[in-house]
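J.: Have a look at this one before I ask anything.
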Amino acid sequence: MFHKTSSGSKIWYELQGSGKGILIIHGLGGDLETMMPVAQNIQGNFTKVLVDVPCHGKSDDFGISLEDLGSEFISLMRSLGFRDFYSIGISLGSIILEEMMLDHGENMAKSVLMSPASEIDSVVINKVASWAASENRVSADVLSEGYLATHRKEVDAYDRDHPMKPERLYPLIPSLMNFSIRNRHSDSGCLLLVAQHDSIFGERMSADLRETFSNSRVIQMNSGHAIHRENPLEAARIISEYFRK
C-alpha cells in the first residue's frame, strides 16, 4: 500500500497482525523486507507497520527533511488509527525515530533504537563514501568478523538479493548531513540496543544518546552494526519484553 505525502510522492508500507501499532523502519540501503526477521518474531498483539523509507524499496525517490519525513510517518500512523504507537528502527531507521521522538514525543509510546546514532560524523561519512565506491564493502562494515566467518553463504546470498544502490540514495543524503541530537531533549521512553562490534556508530555515541533521551535504557548486543541481521531472534525477544513492561 502507498501513503501519499503532502508533496505528492509515495511511501510504500505493509501491515502485519492486529493490535497496538508498531512503526518499523529499516536502515540505509535496505527495505522493509530486511526487517522481517525481527518483525515476525515480536510476541504480542500488534499491528506492525513496515515502511520503505524514501529512495528505498518500492517508495519513490525524493528528497525530504528528517522533520518532514517524521511528520509523514505520524500522518501514516494516524490514518491507520494510531494516535500513539510503538516503534522500532535500525541505523537510519533509528535516526528517523530520534527526530520523531524530539518533534512528536506525545505520539511515541515506546521506541527501540537499534544501532542508534547521535550525529552524522566523519566516520559515518567515510563509510558511506566507501560503499558508494565499492558496494561489496557494505557487509564487511556492518557485520562482525565472527559472523562473517561463520555465515559466508548467508552473507553472499543477502548481498546478492539486497545490493546497495548508492545512486538511489542521493536525494536523501542532504537531510542526513546535519543530523545531530546534541543539546536537544526528549522524555519519550526508549531502549537503545548498542552493538559491541559496531564500527559505524557504536559506543562512542551512547553518552550523547543517553543525555538526550533521559528516559532510556541501554542493552549491549554481541553483534556488528546490523543487529537485525546477526541477532534478529534475540533482538525480537528483548523488544517483546520491553513492550510488555
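J.: Just to be sure, is F82 in contact (Cβ under 8 Å) with a residue 40 or more places away in the chain, closer than 24 Å to I238 by Cβ and not in a loop (DSSP other than H, G, I, E, B)?
T.: For F82, the condition - in contact (Cβ under 8 Å) with a residue 40 or more places away in the chain, closer than 24 Å to I238 by Cβ and not in a loop (DSSP other than H, G, I, E, B) - is not met.
J.: Surrounded by fewer than 14 Cβ atoms within 10 Å (Cβ to Cβ), part of a loop (DSSP other than H, G, I, E, B) and touching a residue at least 24 places away in the same chain (Cβ under 8 Å) - does that describe any residue in the stretch 190-204?
T.: Scanning the stretch 190-204 turns up no residue that is surrounded by fewer than 14 Cβ atoms within 10 Å (Cβ to Cβ), part of a loop (DSSP other than H, G, I, E, B) and touching a residue at least 24 places away in the same chain (Cβ under 8 Å).
J.: Within the stretch 185-208, can one find any residue that is farther than 19 Å from L143 by Cα, basic (K, R) and over 17 Å from the mean Cα position of the chain (by Cα)?
T.: No, that holds for no residue.
J.: Which residue pairs have Cβ atoms under 6 Å apart, sit 6 or more places apart or on different chains, and have a first residue in the stretch 1-22 that is at pLDDT 95 or above and a second that is acidic (D, E)?
T.: Within 6 Å, the pairs are T5/E72; S9/D60; K10/D60; W12/D52.
J.: Kindly provide the set of residues from the stretch 1-53 that are within 19 Å of E167 (Cα to Cα), over 13 Å from the mean Cα position of the chain (by Cα) and either of a type in the set (S, T, Y) or in a loop (DSSP other than H, G, I, E, B) (or both), ordered by number.
T.: S9
J.: In the stretch 1-24, what residues are over 20 Å from L233 (Cβ atoms) and surrounded by 15 or more Cβ atoms within 10 Å (Cβ to Cβ)?
T.: Passing the criteria: H3, T5, S9, K10, I11, W12, Y13, E14, K20, G21, L23.
J.: Further question on the same structure: Quick one: would you say S79 is modelled with pLDDT of 95 or more, farther than 22 Å from E241 by Cβ, surrounded by fewer than 19 Cβ atoms within 10 Å (Cβ to Cβ) and touching a strand residue (DSSP E or B) at 6+ places or on another chain (Cβ under 8 Å)?
T.: Criteria met by S79.
J.: Suppose the filter is in contact (Cβ under 8 Å) with a residue 12 or more places away in the chain, under 25 Å from A132 (Cα atoms), touching a strand residue (DSSP E or B) at 6+ places or on another chain (Cβ under 6 Å) and of a type outside the set (D, E, K, R); does S186 pass it?
T.: no
J.: Tally time: how many residues in the stretch 212-245 are over 23 Å from N126 (Cα atoms) and either modelled with pLDDT under 95 or not in a helix (DSSP H, G or I) (or both)?
T.: Count: 13.
J.: Out of the helices (runs of 4 or more DSSP H) lying entirely within the stretch 90-154, which hold 2 or more residues that are closer than 23 Å to Y242 by Cβ?
T.: Filter on the stretch 90-154 gives 92-103.
J.: Can you confirm whether F73 is assigned to a loop (DSSP other than H, G, I, E, B) and in contact (Cβ under 8 Å) with a residue 24 or more places away in the chain?
T.: Criteria not met by F73.
J.: If you don't mind, another one. Any idea which of (1) surrounded by fewer than 15 Cβ atoms within 10 Å (Cβ to Cβ); (2) in contact with an Asp or Glu (Cβ under 7 Å, 6 or more places away or on another chain); (3) farther than 20 Å from P37 by Cα is the one N126 doesn't satisfy?
T.: So N126 meets the others, but not (2).
J.: For the structure I just gave you, tell me whether S59 is closer than 18 Å to L169 by Cβ, among the hydroxyl-bearing types (S, T, Y), outside any loop (DSSP other than H, G, I, E, B) and touching a residue at least 12 places away in the same chain (Cβ under 8 Å).
T.: Taking the combined requirement at face value, the residue does not satisfy it.
The values are calculated or read from the model by the stated rules, or taken from the named source; none is laboratory data. This structure is a prediction, so every number in the text was calculated from the model and none was measured. Cβ: placed from backbone, ideal geometry, glycine included. Neighbour counts: every protein chain shown.
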